[in-house]
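Comments concern the structure below.
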Amino acid sequence: MTSTTTIPFYPLKEYLERHRDWVEGAATSIIDSGYVIGGEAVEKFESDFAEFTQAKHAVGVANGLDAIRLALQALGVGPGDEVIVPAFTFIATWLAVTQVGATPIAVDVSTETAGMNIIDLPITKKTKAVIFVHLYGYPTDLTNLATDLKKLGVYLIEDCAQAQGARVGGKHVGTFGDAGCFSFYPTKNLGAIGDAGGVITNNTEICKSLKSLRSYGAGKSKYDHIDLGMNSRLDPIQATFLSARLGSLVEENKARLQIAEEVTRSLVSSKVLKPLARKTQGIDVFHLLVVICEGNRDQLQKNLLEVGVQTDVHYPKAIHQQACYSTSEYEYLKAKKYPSSEYLAQNVLSLPNFPWMNDERLTHLTEALASLDS
Ligand SMILES: Cc1ncc(COP(=O)(O)O)c(C=O)c1O
């Protein structure tokens, strides 16, 4: 191991340097077009992303949180409604539910994939929607769930913020349910150069409603407002960059997968780190390369940092453990237990995995991981 090699968790400066031409190209095209809001660049990315995911429609919005919030609003979810969400996810999945005035109902997750348990969901008369999160980029086949929910009149929203390009049974994530919500936050597999998001749907009415809601509830003409909307538009500079990057997403996802496979192989006899048991259902895009710590996580993180490997934790708390969901209003969450979510929160560790990690860095990473056993 060369002691000078360091592996940042996700080197954003390198990301920008690598994409300098596209960043500059996007800025130039904005000047040339004269559009700083909306315009052809946004429409082009929407049509590119819809074609890529094989969805009928894609609607660009400002970020991933708004994508979920607007999808809920477009489906008419609001006060008095219950929405089923995984206990272990990024906070945005729940915040979107809270922001539309609905009640989040938590369900525990699988320790194998970190995805929500979808058998025996706690559906009541008040349940209006279920949000499934394809966490860490692992795609779950939701065909049966979508069929069952449709019969019950319950909507299925997929949070695909971490899973751009993930497919299962030949279908892209986000196309199983009524709406698929994406974040294009810079570190995502399809990242922008700032905040950005989008929703895909096969339902033309939902698409129309999303387009209105993202733009002050716009009606047919200027200053005609039919919905209580918000300002959540996708910037054309982000759209231009995203259209360019979309062309290399499949290759970049393959690179992430290869790194994840190499690291996983290197951990076969590790006594302190165990990969998540992701039983392959489809194309896993490894947004995050997550392992389970069988020793003290803080100490393992420190030891790795000492040999130049930066790690992170996604996430150190399940959502019902967060202060913002521990107030008296959310007392009802305590009636149930979420042991797997709490176990993951205590033991997961994310290792660096970015598509341009070179052989030298990869060797350094696997050697650093091996050194934890000595
Ligand atoms: C699972 C999940 N949902 C939603 C979001 C929200 O996306 P954004 O940061 O673009 O608002 C994220 C972003 O990190 C996420 O990981």
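The values are calculated or read from the model by the stated rules, or taken from the named source; none is laboratory data. Given the structure is predicted, the values throughout are model-derived calculations rather than measurements. Positions of Cβ are generated from backbone atoms using ideal geometry, with glycine treated the same way; all protein chains shown enter the neighbour counts.
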Count - residues of segment 219-244 that are more than 19 Å from T53 (Cα to Cα) and touching a helix residue (DSSP H, G or I) at 6+ places or on another chain (Cβ under 9 Å): 12
Residue in segment 317-333 that is modelled with pLDDT of 95 or more, within 30 Å of G169 (Cα to Cα) and surrounded by fewer than 19 Cβ atoms within 10 Å (Cβ to Cβ) present: no
Filter result (within 14 Å of the ligand (Cβ to nearest atom) and in contact with an Asp or Glu (Cβ under 6 Å, 6 or more places away or on another chain)) within segment 93-136: T93, I131, F132, V133
Breaking point among (1) crowded, with 18+ Cβ neighbours inside 10 Å; (2) of a type outside the set (S, T, Y); (3) assigned to a loop (DSSP other than H, G, I, E, B), for Q238: (3)
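Okay, residues lined up against (1) of a type in the set (K, R); (2) not in a helix (DSSP H, G or I):
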| site | (1), (2) |
| --- | --- |
| E262 | no, no |
| S270 | no, yes |
| K279 | yes, yes |
| V291 | no, yes |
| Q301 | no, no |
Residue in segment 268-281 that is touching a Cys at 6+ places or on another chain (Cβ under 9 Å) and without any contact (Cβ under 8 Å) to a residue 40 or more places away in the chain present: yes
Check on S340, over 27 Å from L190 (Cβ atoms), in a loop (DSSP other than H, G, I, E, B) and of a type outside the set (A, V, I, L, M): no
Segment 192-220, subset buried (at least 23 other Cβ atoms within 10 Å of the Cβ) and in a loop (DSSP other than H, G, I, E, B), residue nearest to the ligand (Cβ to nearest atom): A196
Residues of segment 330-369 classified as of a type in the set (G, A, S) and farther than 19 Å from L276 by Cβ, total: 2
Single residue of A244, A255 found to be within 19 Å of the chain's Cα centre (by Cα), surrounded by 14 or more Cβ atoms within 10 Å (Cβ to Cβ) and not in a loop (DSSP other than H, G, I, E, B): A255
Total residues in segment 178-188, condition within 15 Å of the ligand (Cβ to nearest atom) and either over 11 Å from the mean Cα position of the chain (by Cα) or crowded, with 24+ Cβ neighbours inside 10 Å (or both): 7
Qualifying residues in segment 344-362 (those that are free of Cβ contacts under 8 Å to residues at least 60 places away in the same chain and assigned to a helix (DSSP H, G or I)) - the one surrounded by the most Cβ atoms within 10 Å (Cβ to Cβ): N347
Given (1) within 30 Å of G170 (Cα to Cα); (2) out of contact with any Pro (no Cβ under 7 Å at 6 or more places or on another chain), number of the condition V291 does not satisfy: (2)
Single residue of segment 84-128 satisfying the filter (farther than 21 Å from A179 by Cβ and more than 20 Å from the chain's Cα centre (by Cα)) that is surrounded by the fewest Cβ atoms within 10 Å (Cβ to Cβ): K125
Number of the condition not met by K279 [criteria: (1) modelled with pLDDT of 95 or more; (2) exposed (fewer than 14 other Cβ atoms within 10 Å of the Cβ); (3) within 22 Å of the chain's Cα centre (by Cα)]: (1)
Count - residues of segment 334-363 that are of a type in the set (A, V, I, L, M) and in contact with a Pro (Cβ under 8 Å, 6 or more places away or on another chain): 1
Residue count, segment 306-350 (criterion: in contact with an Asp or Glu (Cβ under 9 Å, 6 or more places away or on another chain) and hydrophobic (A, V, I, L, M, F, W, C)): 3
Some residue of segment 321-343 being more than 28 Å from L95 (Cβ to Cβ), without any contact (Cβ under 8 Å) to a residue 60 or more places away in the chain and not assigned by TED's automatic domain parsing to the domain that holds R18: no
Residue check for R278: touching an Asp or Glu at 6+ places or on another chain (Cβ under 9 Å) and in the same structural domain as L344 (by TED's automatic domain parsing): yes
Test result for V168, under 15 Å from V133 (Cβ atoms), of a type outside the set (S, T, Y) and away from the ligand (no atom under 16 Å from the Cβ): yes
Residue match in segment 295-308 (condition: charged (D, E, K, R) and within 21 Å of the chain's Cα centre (by Cα)): no
